[in-house]
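The structure under discussion appears below in the form of structure tokens.
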Amino acid sequence: MAECIFCKIAAKEIPSHIVWEDEKFMAFLDLRPVNPGHLLIIPKEHIDVVFDMPDGLYEGIFNTAKALSTPLQSAMGSTRIGMVVEGFGVPHAHIHLVPINGPHELDSSRAKPAAEEKLVETAKKIKAEIEKTEINQQ
Ligand SMILES: [Zn+2]
């Protein structure tokens, strides 16, 4: 979709802090993290609602979340990794994957813009951990 910000990110028309991608999915840092390392995972194809994703693609995005959770946790040293699907921000399916250290941290009212250099540094840390793992879809 021409006006969709996540489609533009997927097409690399807008720069983002990508930590991982394959043909179908992309994971990048949220510019307004609720905690450092807050990732967004999207299908490259424009689909508004996660639950409207066709079979295969639907499992694929959750398998991607599973595969990225371990390197994300290693990189950020958090107690757990939380996952949220709500879809109010951008009408293009996305999963929030967030390092958390306690309950109630998955609250979008905690989101604050992160400094560019902090995002660059965080993306580098996460990518280094992802490179140690084998993330294979399907
Ligand atoms: Zn889109």
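No value in this document is a laboratory result; all are computed from the given coordinates. Predicted model only: the values in this text are computed from it and were never measured. Note that we place each Cβ from the backbone using ideal geometry, even for glycine, and neighbour counts take in every protein chain shown.
Side notes on the structure shown:
- Given (1) within 13 Å of the chain's Cα centre (by Cα); (2) over 29 Å from Pro54 (Cβ atoms); (3) in a helix (DSSP H, G or I), index of the condition Pro99 fails: (3)
- Positions within segment 29-65 being farther than 11 Å from Leu97 by Cβ, in contact with a Phe, Trp or Tyr (Cβ under 7 Å, 6 or more places away or on another chain) and in contact (Cβ under 8 Å) with a residue 60 or more places away in the chain, in sequence order: Gly60
- Residue match in segment 75-85 (condition: basic (Lys, Arg) and on the phi < 0 side of the Ramachandran plot): yes
- Qualifying residue in segment 20-28 (condition: surrounded by 15 or more Cβ atoms within 10 Å (Cβ to Cβ), away from the ligand (no atom under 16 Å from the Cβ) and in contact (Cβ under 8 Å) with a residue 60 or more places away in the chain): yes
- Screening Asp107 with (1) of a type in the set (Asp, Glu); (2) in contact (Cβ under 8 Å) with a residue 24 or more places away in the chain; (3) closer than 21 Å to Asp22 by Cβ gives one miss only, at (3).
- Criterion violated by Tyr58 - all others in (1) part of a helix (DSSP H, G or I); (2) farther than 24 Å from Thr133 by Cα satisfied: (2)
- Count - residues of segment 1-19 that are away from the ligand (no atom under 13 Å from the Cβ) and in contact (Cβ under 8 Å) with a residue 24 or more places away in the chain: 3
- Test result for Ala93, in contact with a Pro (Cβ under 7 Å, 6 or more places away or on another chain), over 19 Å from Glu21 (Cβ atoms) and touching a residue at least 12 places away in the same chain (Cβ under 8 Å): no
- For segment 61-83, the criterion of being in a loop (DSSP other than H, G, I, E, B) and within 16 Å of the ligand (Cβ to nearest atom) is met by none of the residues.
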